[in-house]
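The values are calculated or read from the model by the stated rules, or taken from the named source; none is laboratory data. Quick caveat: nothing in here was measured; it's all calculated off a predicted structure. Positions of Cβ are backbone-derived with ideal geometry, glycine not excepted, and every protein chain shown enters the neighbour counts. Surface accessibility is based on the protein's heavy atoms, side chains included, excluding ligands, DNA and RNA. Shrake-Rupley method; radii C 1.70, N 1.55, O 1.52, S 1.80 Å.
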Amino acid sequence: MSSSASSSTTRTSTPSTLGDSLSFITDICGVLKRLKRTGWVRQGIPFPESDADHMHRCAMCALLLSQPADPRDDYSLPQQQKFHPSKINTTKLLRLTVTHDVCEALAGDITPFCAREQVQSKHGKEQAAMQRIAQVVGDPLGTELYELWLEYEAQETVEAVYAKDIDKFEMVVQAYEYEKLHLQYNNNNNNNNNNDQNNKRKRKEGPQDNDNNNNTYSDKHNDKNDDDELEPLSGSIPATTMGAAVTNASSCGTTHSDFCLTEPLRTFFQTTNSAIRTPLFRRLDRELRQKRQALLLERGWSVGDNEHQQEPEPEQQQSLPSTTTTTCQR
């Protein structure tokens, strides 16, 4: 994808240094394919998406910016003009989206719903991880990866804001897809028309062995410890923290075919209802939430006002792009 903006990418003139490309592909990128996203693990979702799954669809979302502006998206307001697709460095955006969670190969996927000490140390762990990854990769790519991560964290460019919007949007898309696959019909809503479908989606009674599903979050992190030299953050995420969450969640799930969600995944929609700021992804987010509302109503569930899209906070609208803090569950 070619860049449609005049701004340069994050590539620098850093002198070339030797790196271990094979280790980057296997020991780092390989972990991202196995590392399951914490938010879904906490919910007990069977076969949850990996970090690599997430970043791949984020990159597909970034490709949409190579298209001409959609007439349904309003870029006329002064604070929105900077987000017009013709002004976006699409090459940089693609590189941001496909690398923004690379640090989690070493730092782990820490969400705001993890233990407080983990949340407080998240940025430092991720920065240490990116510095180590840059060393493994070698320059100039190692420096570029580190600079891309810094740019994403700072949220001071339109490309970084787009990348953050895409990150949140991809998460709610995945939440909707899990609800579509696994959310049971609400028997308490007296929706007799749905009895047949509801019976098909009920879990089989009695505990079943779930060992063949994806392992716990802590087990997946243990997979990446084959080469201790690549793990500067050993022990940063206690095994008991995520393991306990999965144990509690497993009482709601058995196997992939008969697992059910007994409640909608409301938190993912509540914590992102005003988070997305760019016109294109606000429209897509709004359309997705409308589809989700129809799905939930069909299955006998209500949708709270705080699960609908809200307007961004006034200070966000006035100061874009700005430094933001992630408050959504992942």
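Kindly indicate whether any position in region 178-196 is at pLDDT 95 or above, acidic (Asp, Glu), in contact with a Ser or Thr (Cβ under 7 Å, 6 or more places away or on another chain) and open to solvent by less than 50 Å² (accessible area, probe 1.4 Å). No, every residue in region 178-196 fails to be at pLDDT 95 or above, acidic (Asp, Glu), in contact with a Ser or Thr (Cβ under 7 Å, 6 or more places away or on another chain) and open to solvent by less than 50 Å² (accessible area, probe 1.4 Å). Checked against the criterion of being open to solvent by less than 50 Å² (accessible area, probe 1.4 Å) and at pLDDT below 55, region 265-280 has no qualifying residue. The set of residues in region 289-312 being in contact (Cβ under 8 Å) with a residue 12 or more places away in the chain and either over 20 Å from His182 (Cβ atoms) or small (Gly, Ala, Ser) (or both) consists of Gly300, Gly304, Asn306, His308, Gln309, Gln310, Glu311, Pro312. Taking the conditions (1) open to solvent by 60 Å² or more (accessible area, probe 1.4 Å); (2) modelled with pLDDT of 50 or more; (3) in a loop (DSSP other than H, G, I, E, B) in turn, Gly300 satisfies each one other than (1). Restricting attention to region 27-63, the residues that are part of a helix (DSSP H, G or I) and either in contact with a His (Cβ under 9 Å, 6 or more places away or on another chain) or of a type in the set (A, V, I, L, M, F, W, C) (or both) total 14.
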